[in-house]
Amino acid sequence: ELRTLERIFQLTAKFRDDFETWARTVCHITDKKGNLIPFELNPIQVKLHNLIENQLREQGKVRVIILKSRKLGCSTYTAARFSHRTLFNKNKRAVVVTHPADSSSTLYRNYNQPHSITKDCSRISRG
């Protein structure tokens, strides 16, 4: 049991410091056929991730507005990133603002899915 606990702490440390590995290993998305598959960042998401990480390094904070992005995976990326940041950092909150109510419902499902998959890890990662 001690080895299992040590492995959990190792994975928690790795996942805390490596969003892409955490997303690929822990998060799942629904593909166009309705299958649950691992969340692999697409090229647009990788570019967005790099821009955000650079801004965080250079300015110590992130302020991003994504206008009218459709089917590029920006909302899915944001859901996973916010889940990761709030899961591994104490006292962190995230807010997403949408205009139409149907967009809010769709985004809520995106946010609920990564959280439900990772909720059992939160007790361990927050210490």
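Overview of results
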item	result
Filter result for residue 118 (open to solvent by less than 80 Å² (accessible area, probe 1.4 Å) and at pLDDT 70 or above)	no
Breaking point among (1) part of a helix (DSSP H, G or I); (2) within 22 Å of residue 87 (Cβ to Cβ); (3) open to solvent by less than 100 Å² (accessible area, probe 1.4 Å), for residue 44	(2)
Residue match in region 47-64 (condition: open to solvent by 50 Å² or more (accessible area, probe 1.4 Å), assigned to a helix (DSSP H, G or I) and in contact with a Gly (Cβ under 8 Å, 6 or more places away or on another chain))	no
Residue count for region 28-41, restricted to those that are open to solvent by less than 50 Å² (accessible area, probe 1.4 Å) and at pLDDT 85 or above	2
Residue within region 75-98 that is outside any helix (DSSP H, G or I), surrounded by 14 or more Cβ atoms within 10 Å (Cβ to Cβ) and modelled with pLDDT of 70 or more present	yes
Residue in region 1-28 that is nearest to residue 53 (Cα to Cα), counting only those that are without any contact (Cβ under 8 Å) to a residue 40 or more places away in the chain and aliphatic (A, V, I, L, M)	13
Failed condition for residue 36, given (1) touching a residue at least 40 places away in the same chain (Cβ under 8 Å); (2) touching a strand residue (DSSP E or B) at 6+ places or on another chain (Cβ under 9 Å); (3) not basic (Lys, Arg)	(1)
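The values are calculated or read from the model by the stated rules, or taken from the named source; none is laboratory data. Predicted, not measured: the structure shown is a model, and the values here were computed from it. Using ideal geometry, Cβ is built from the backbone for each residue, glycine included, and neighbour counts are taken over all protein chains shown. Remember, those area values only see protein heavy atoms, side chains included, never the ligands or the DNA or RNA. Shrake-Rupley method; radii C 1.70, N 1.55, O 1.52, S 1.80 Å.
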